[in-house]
Structures are given as structure tokens and as C-alpha cells.
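Participant: Input: one structure, supplied below.
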Amino acid sequence: MRPLRIVALVIAALALWPAPVLGQDLPPGPTTIHPLGRMPVEHDPGRFEETQTVILDFAPGAWTPLHSHGGLTLVRVLEGEMTRRIHGTEDLFRAGEGWVETPGDVHAAGNAGGTPARVLVTFLLPKGAPLTTVAGTPTQDAPPGPTTSFQSRRVDVATGAALFDEAATTVLAFAPGAWTPLHSHGGLTLVAVAEGEMTVRGGGGETVYRPGDVWIEQPGDVHAAGNTTAAGAQVAVTFLLRRGAPVTTVAAAPAPAQLPRALPRTGDASGPMAATVVLGTALLGGGLYVRRRLAGR
């Protein structure tokens, strides 16, 4: 076999090899408004069938009354500082930090500082459970005190309870025409459209989501999301993960194959096994050729 033919076979076999995947925090394409923040979830989430996302703005001195929620509640401080009072204790949380509230926990949250604060809240609720209960009165609204700058629709989570012990949240902006590549996530993912309009492509279909809408991504679902409009869009994203699971897996682009148009016929085998056979044969032939050249010197 001629040396150039051996080299061509090796390169062709590598081009046929399945593309690797890249694990990372967030898919490229959008702009990160608030960085990805992670926090452990040590409480049993129990069974939840619905989810809702809220963004609250606390002016300096603004507080909620004592209240509780009907399901597990994940709170992330996006801007400023927040203080939580519960069971006679007081804890301070800065931007990027967060806390978890279990169903029925009576507490108050407020901004004891001199600058505005903003929080992203994700509710994981049993079917029909109240969002907030104040002084024994249940309601489907966020607690009074702060300004509700965004409240998504309440949507079903078809899988029910998801196994997770870590939550990660972020806020992303999509400029007109911005798209992620095809990717998947390592846990149940809840995406709420806070501004603009978003399009999701996956499973052979395309769906458009508008402000207040929420879409659910199952672990491993391969999809792309983007903004096909002339105006900007923003989404608030919550990932429910097993500790150590990748947030995002992006499929690497296949290497361009500017090689011989056809390989020698090797029978009817195809797929990764055939690529393995071709690669092994090419490497063995190349090794024998080099060995003979060295021995002849």
C-alpha cells in the first residue's frame, strides 16, 4: 500500500469517528445577564407537579410580611443584598447567593441595605397548592412588600418529582438572531421567558414562547433555542441537577472531511465498528510501512 494512501485512510477514518461532546456551564449564543449560580438543595423536594418563576425587586427597607409557600422554593439574589428571618434567626445573602425554603416554613425576607435588591424565585409546587400564605390566607400571588417585576404562568411539570440535590439559576439575554447550538442539559430545566419571544427547535418541531411562558426541558433533550425577532429577549433559567452532573452538553461540530470521496469497500459493516476497523487497519499498515523503512536504512 502506498504511503499517501495510508495517510488518506487514517485521516478519513478520523473524520468518520463520532464527534465528541463538550461539557460546560451554559451554551454559547446568548449574553449572560446574571452569572450561573449554584446552591445545594439538602431538603427532600417531595412531589411537585407545577412550577412558577418570579422576579422580585426590593427597594431599600422593603420587607415581606411573615409568610410561607405551598412548595419547595428556590431563592437566588441577583442584585444587592437580602436578609431572611426564620425561626428567630437572621441570615444575610449577597448577589450570587441563595437559599431554599421548604413548604410551610414561616419566614420574612427584606432589604436591610441602602441599595435596591432583586431576587429570582423558582417555586416547585404540588398540584393546586397556594403560592403564598400570609396570616392564614392562601393566594396565588407572590408575597406583598417587594415589587413583582415578572411572574410567569404556572405550568405543569410532566415528570412529577425530579431527583436533584443541587439547583443552578441564571438570566440570559438573546439579541435578535442569537441562537444556541444544539445542546442538552444534565437535569430538569425550567426556562421562563421574561422579555421578548423565544423559539425552541427540537424533536423535529419548532415552538414559539412569549413573555410569561415557561418551557420544560428533560435531561438529555437535544435542542436549540433562539430569538428570531427584531427585538431582544430574556429568559430566567433554573436547572435541577444531581451533584456533579454537567449543566450543559454541546455537540461538537463535525470535522470537515476534504478527503478521498470513497474508502475501499470493507463489506456491509457500517457505523462506529466499521470506523474502528478502518482506523485500526490504516494505523497497522502505516506502522508496518515505517518499520520497513527504518529496517532498510
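Participant: Tell me the residue from Thr122, Thr170, Thr199 that is part of a strand (DSSP E or B) and without any contact (Cβ under 8 Å) to a residue 40 or more places away in the chain, please.
Facilitator: None of the other options fit; the residue is Thr199.
Participant: Okay, next question. Of the residues Thr159, Thr207, Thr248, Thr229, which is hydroxyl-bearing (Ser, Thr, Tyr), under 27 Å from Val75 (Cβ atoms) and modelled with pLDDT of 95 or more?
Facilitator: Checking each option against the conditions leaves just Thr248.
Participant: Give the residue, chosen from Gly104, Gly46, Gly114, Gly96, that is surrounded by fewer than 18 Cβ atoms within 10 Å (Cβ to Cβ), touching a Pro at 6+ places or on another chain (Cβ under 6 Å), part of a loop (DSSP other than H, G, I, E, B) and of a type outside the set (Asp, Glu).
Facilitator: Unique residue meeting the criteria: Gly114.
Participant: A further question on this structure: Taking into account only those residues within segment 125-142 that are crowded, with 18+ Cβ neighbours inside 10 Å and either free of Cβ contacts under 8 Å to residues at least 12 places away in the same chain or under 23 Å from Val193 (Cβ atoms) (or both), which is nearest to the chain's Cα centre (by Cα)?
Facilitator: It comes out as Leu125.
The values are calculated or read from the model by the stated rules, or taken from the named source; none is laboratory data. All of these numbers come straight from a predicted model, not from anything done at the bench. No Cβ is skipped: glycine too gets one built from the backbone with ideal geometry, and neighbour counts run over all protein chains shown.
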